[in-house]
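Asker: Just dropping this structure here.
The values are calculated or read from the model by the stated rules, or taken from the named source; none is laboratory data. Please read all numbers here as calculations on a predicted model, not as lab measurements. Every residue, glycine as well, gets a Cβ built from its backbone with ideal geometry; the counts of neighbours run over all protein chains shown. The protein model used for the area step is the full one, side chains on, heavy atoms only, and it has no ligands, DNA or RNA in it. Shrake-Rupley method; radii C 1.70, N 1.55, O 1.52, S 1.80 Å.
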Amino acid sequence: MTEENIKDALIKKFSLPEGKVRIQRKRRMSAEVDRLKFKDVFEYAITELKFVILCTITGLDEGSNLSFIYHLSTEDGIVLNLKISVPKENPAIKTIIGYFPAADIYEREVMDLLGAKVEGLPPGNRYPLMDEWPKDAYPLRKDWKQNKTKEQEAKNA
Amino acid sequence: MHKVIIPVGPQHPALKEPENFMITLSGEKILKFSARLGYNHRGIEKACEERTYIQDVYLTERICGICSHSHSTCFVQAVEEIAALEVPKRALYIRTLVAELERVHSHLLWLGVAGHEVGFDTLLMYTWRDREVVMDILAMLTGNRVNYGINTIGGVRRDITPEQSKEVAKATNTLEERTKYYIQIATKETTLIKRLSGVGVLSHDDAIRLGAVGPTARASSVDRDVRRDDPYAAYGELKFKVITDNHNDVYGRTLVRMGELMESYSMIRQLLKNMPEGPIAVKAPRKIPAGEAVSRYEAPRGEDVHYVKSNGSEKPERVKVRAPTLANIQTVAKMLEDRQLADLPIVIAAIDPCFSCTDRLTVIKEAGVRKNKVMSWEDLHDYSIGWYRERGIDFAGLNKKLTRMLK
């Protein structure tokens, strides 16, 4: 399946607006979907379009929204960056461990570093921050600043 | 039988990196294995957002001490894609050459560690001695044993001379001969075969389901390799086989890595032979236009993924890194289910988790002296003897004895 076919299939199946599915270059595609449509698009991409490899999940702080990009790949190297945005006040996403059990650690990572709420993820060890890490402090959010010790500040001054 | 939970790490005398494994045992049998990671989290992704692109090249290089070139290449590839830079072919060839040399050193290192974990320390001594050949070559080409600093945005920083090219070819011959010997050991030596076979079994389906990458996946017949499937740098122009194996165990992982070494030698020869002439870098802008890119790289341990988002300034908006060990560590629990505790070290080692590797002291700056001085092997030897003598330990007698013995 070529990039063009995949693009057409996605647009046709989910009646996505033209600009939301893009071919960035050979073997690189991106698609932005509504959070409510995500599950269907994701399932379709895996089962019908054969995006059988999950590379990772990237979380982004985009001001009033948090975005999550699911980097999926086919066996022959086409990468689809499937992006969803959720409001920062309630950054809830659904777990994908039903499709990719290995996504567990990637989901825990966006929970720790960006404060995502992953629904359906069973309790387990957090990753990568320490257990004593303060609540509601998410280092990859843009408004997070490191609390420097007095020695560090003196050194930088 | 009574259940016992053994914690291994994060600080443990036999563990080289801070991680925590909780192992639930019934007698010698492992019932459950769980890993707690993150003790080495250094906030590099956040740090990247606060630095310029060029600083980030060096920062990402320091994510790992062994596959440092993997991370810096993966990062610059993404930035080059966003900035639409046409990287000269010669630069891509040099990048790929260093990449394959890095794979050689990494796989030889792994073979030594694997030998050590099963009590075959002669293999460790042999492979690490031979690994010095490739380390010297890397030091000659880049100036460093690790953290080569060869990459820059838009190309590479050092050219390769015809003399260096000859040295690389010579070293490749030596290494190939040694690797053939190791393949012979791996396929004929009964104790090694018996110790590694049936240990750390990961079925083909589990490897795919759990998202294994690199040699760990390929030893379970998962035919995936980014170098072939999503070619980058000069890989599109090279002829090579993707090595897979159907043993599904530590023995299979050993065979895959040995096979990959042989492929690397062939690739190194092709790169040297077909190295195009021309510039080694194009000038990159300080500010990178807004955009995003995903870059993939087949590191020695498996697929490395970087995502870079730029906002038009001189600092990236977001840098995301997925190192191969994060994908592979999740397979370990499966490999250890219902297995013996004694298999734990080799099974963990068999995914080749990233252990740090330290640099040597070669260049020193003397106070008041402007010029840097390069220490020769003899200088370094004398320096170490002097260092101990100052602390009341004298090697003079031992040294004489050693000199006599060497004569």
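Asker: If I go through segment B:217-226 residue by residue, how many of them are of a type in the set (Lys, Arg) and either open to solvent by 10 Å² or more (accessible area, probe 1.4 Å) or over 21 Å from the mean Cα position of the chain (by Cα) (or both)?
Answerer: Going through segment B:217-226 one residue at a time, the tally reaches 1.
Asker: Moving on. Can you name the number of the only condition in (1) farther than 25 Å from B:Leu37 by Cα; (2) touching a residue at least 40 places away in the same chain (Cβ under 8 Å); (3) crowded, with 22+ Cβ neighbours inside 10 Å that A:Ser73 fails?
Answerer: Only one criterion in (1) farther than 25 Å from B:Leu37 by Cα; (2) touching a residue at least 40 places away in the same chain (Cβ under 8 Å); (3) crowded, with 22+ Cβ neighbours inside 10 Å is unmet by A:Ser73, namely (2).
Asker: Of all residues in segment A:23-52, how many are free of Cβ contacts under 8 Å to residues at least 40 places away in the same chain, within 14 Å of another protein chain (Cβ to nearest Cβ) and open to solvent by 20 Å² or more (accessible area, probe 1.4 Å)?
Answerer: Counting residues in segment A:23-52 that are free of Cβ contacts under 8 Å to residues at least 40 places away in the same chain, within 14 Å of another protein chain (Cβ to nearest Cβ) and open to solvent by 20 Å² or more (accessible area, probe 1.4 Å) gives 5.
Asker: Still on this structure, I have one more. For segment A:112-136, enumerate the residues that are within 12 Å of chain B (Cβ to nearest Cβ) and closer than 22 Å to B:Lys320 by Cα.
Answerer: The answer is A:Asp112, A:Leu113, A:Leu114, A:Asn125, A:Arg126, A:Tyr127, A:Pro128, A:Leu129, A:Met130, A:Trp133.
Asker: Regarding B:Glu61, is this residue acidic (Asp, Glu) and either over 23 Å from A:Leu140 (Cβ atoms) or surrounded by fewer than 17 Cβ atoms within 10 Å (Cβ to Cβ) (or both)?
Answerer: Details: acidic (Asp, Glu): yes; either over 23 Å from A:Leu140 (Cβ atoms) or surrounded by fewer than 17 Cβ atoms within 10 Å (Cβ to Cβ) (or both): no.
Spelling it out, it is not the case that B:Glu61 is acidic (Asp, Glu) and either over 23 Å from A:Leu140 (Cβ atoms) or surrounded by fewer than 17 Cβ atoms within 10 Å (Cβ to Cβ) (or both).
Asker: Among (1) open to solvent by less than 30 Å² (accessible area, probe 1.4 Å); (2) free of Cβ contacts under 8 Å to residues at least 40 places away in the same chain; (3) of a type outside the set (S, T, N, Q), which single condition is B:Leu202 missing?
Answerer: Only one criterion in (1) open to solvent by less than 30 Å² (accessible area, probe 1.4 Å); (2) free of Cβ contacts under 8 Å to residues at least 40 places away in the same chain; (3) of a type outside the set (S, T, N, Q) is unmet by B:Leu202, namely (2).
The rows are residues; the columns are (1) assigned to a helix (DSSP H, G or I); (2) open to solvent by less than 50 Å² (accessible area, probe 1.4 Å); (3) on the phi > 0 side of the Ramachandran plot.
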| position | (1), (2), (3) |
| --- | --- |
| B:Ile137 | yes, yes, no |
| B:Met140 | yes, no, no |
| B:Ile160 | no, yes, no |
| B:Glu176 | yes, yes, no |
| B:Tyr182 | yes, yes, no |
| B:Ala207 | yes, yes, no |
| B:Pro215 | yes, yes, no |
| B:Arg228 | yes, no, no |
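Asker: Shifting gears a bit: Report those strands (runs of 3 or more DSSP E) wholly inside segment A:1-119 carrying at least 1 residues which are among the basic types (Lys, Arg). I'd like the intermediate steps shown before the answer.
Answerer: Numbers: elements: A:21-25, A:28-32, A:53-62, A:65-73, A:79-87, A:92-94, A:117-119.
Per the criteria, A:21-25, A:28-32, A:79-87, A:92-94, A:117-119.
Asker: Within segment B:230-239, take every residue that is open to solvent by 10 Å² or more (accessible area, probe 1.4 Å) and under 17 Å from B:Leu261 (Cα atoms) and give me the one that is nearest to the other protein chains (Cβ to nearest Cβ).
Answerer: That would be B:Leu238.
Asker: Which residue pairs have Cβ atoms closer than 7 Å, lie 6 or more positions apart in sequence or on different chains, and pair a first residue in segment B:117-130 that is in contact (Cβ under 8 Å) with a residue 60 or more places away in the chain with a second residue that is open to solvent by less than 60 Å² (accessible area, probe 1.4 Å) and not aliphatic (A, V, I, L, M)?
Answerer: As it stands, the answer is B:Glu117/B:Pro345; B:Leu123/B:Gly112; B:Leu123/B:Gly115, since those pairs meet every condition given.
Asker: Could you check how many residues of segment B:22-31 are in contact (Cβ under 8 Å) with a residue 40 or more places away in the chain and open to solvent by less than 30 Å² (accessible area, probe 1.4 Å)?
Answerer: Of all residues in segment B:22-31, those in contact (Cβ under 8 Å) with a residue 40 or more places away in the chain come to B:23, B:25, B:28-31.
Then keep just the ones that are open to solvent by less than 30 Å² (accessible area, probe 1.4 Å); that gives B:23, B:25, B:30.
Result for segment B:22-31: 3.
Asker: What do you reckon, is A:Ile105 under 13 Å from the mean Cα position of the chain (by Cα) and of a type in the set (A, V, I, L, M)?
Answerer: Taking the combined requirement at face value, the residue satisfies it.
Asker: Take the residues in segment A:100-124 that are open to solvent by 40 Å² or more (accessible area, probe 1.4 Å) and either touching an Asp or Glu at 6+ places or on another chain (Cβ under 9 Å) or touching a residue at least 40 places away in the same chain (Cβ under 8 Å) (or both), then tell me which one is farthest from B:Lys46 (Cα to Cα).
Answerer: In this case the residue turns out to be A:Pro122.
Asker: I'd like to know if segment B:276-284 contains one or more residues that are more than 14 Å from chain A (Cβ to nearest Cβ) and buried (at least 23 other Cβ atoms within 10 Å of the Cβ).
Answerer: No, that holds for no residue.
Asker: Continuing with the same structure: Taking the criterion of being open to solvent by less than 30 Å² (accessible area, probe 1.4 Å), more than 17 Å from the chain's Cα centre (by Cα) and either over 25 Å from B:Glu177 (Cβ atoms) or not acidic (Asp, Glu) (or both), would at least one residue in segment B:295-303 satisfy it?
Answerer: Step one: filter segment B:295-303 for residues open to solvent by less than 30 Å² (accessible area, probe 1.4 Å), giving B:295-303.
This time we only want the ones that are more than 17 Å from the chain's Cα centre (by Cα), so: B:295.
Retained after the next criterion (residues that are either over 25 Å from B:Glu177 (Cβ atoms) or not acidic (Asp, Glu) (or both)): B:295.
Looking for residues that are open to solvent by less than 30 Å² (accessible area, probe 1.4 Å), more than 17 Å from the chain's Cα centre (by Cα) and either over 25 Å from B:Glu177 (Cβ atoms) or not acidic (Asp, Glu) (or both), one finds at least one in segment B:295-303, hence yes.
Asker: A follow-up question, please. Within segment B:273-291, is there a residue that is within 21 Å of the chain's Cα centre (by Cα) and of a type outside the set (D, E, K, R)?
Answerer: No: segment B:273-291 contains no residue that is within 21 Å of the chain's Cα centre (by Cα) and of a type outside the set (D, E, K, R).
Asker: Can you tell me which residues in segment A:108-126 are within 20 Å of B:Asn328 (Cα to Cα) and more than 16 Å from the chain's Cα centre (by Cα)?
Answerer: The answer is A:Gly124, A:Asn125, A:Arg126.
Asker: Against the definition (acidic (Asp, Glu), at pLDDT 95 or above and either within 26 Å of B:His71 (Cβ to Cβ) or open to solvent by 30 Å² or more (accessible area, probe 1.4 Å) (or both)), how does B:Glu117 come out, yes or no?
Answerer: no
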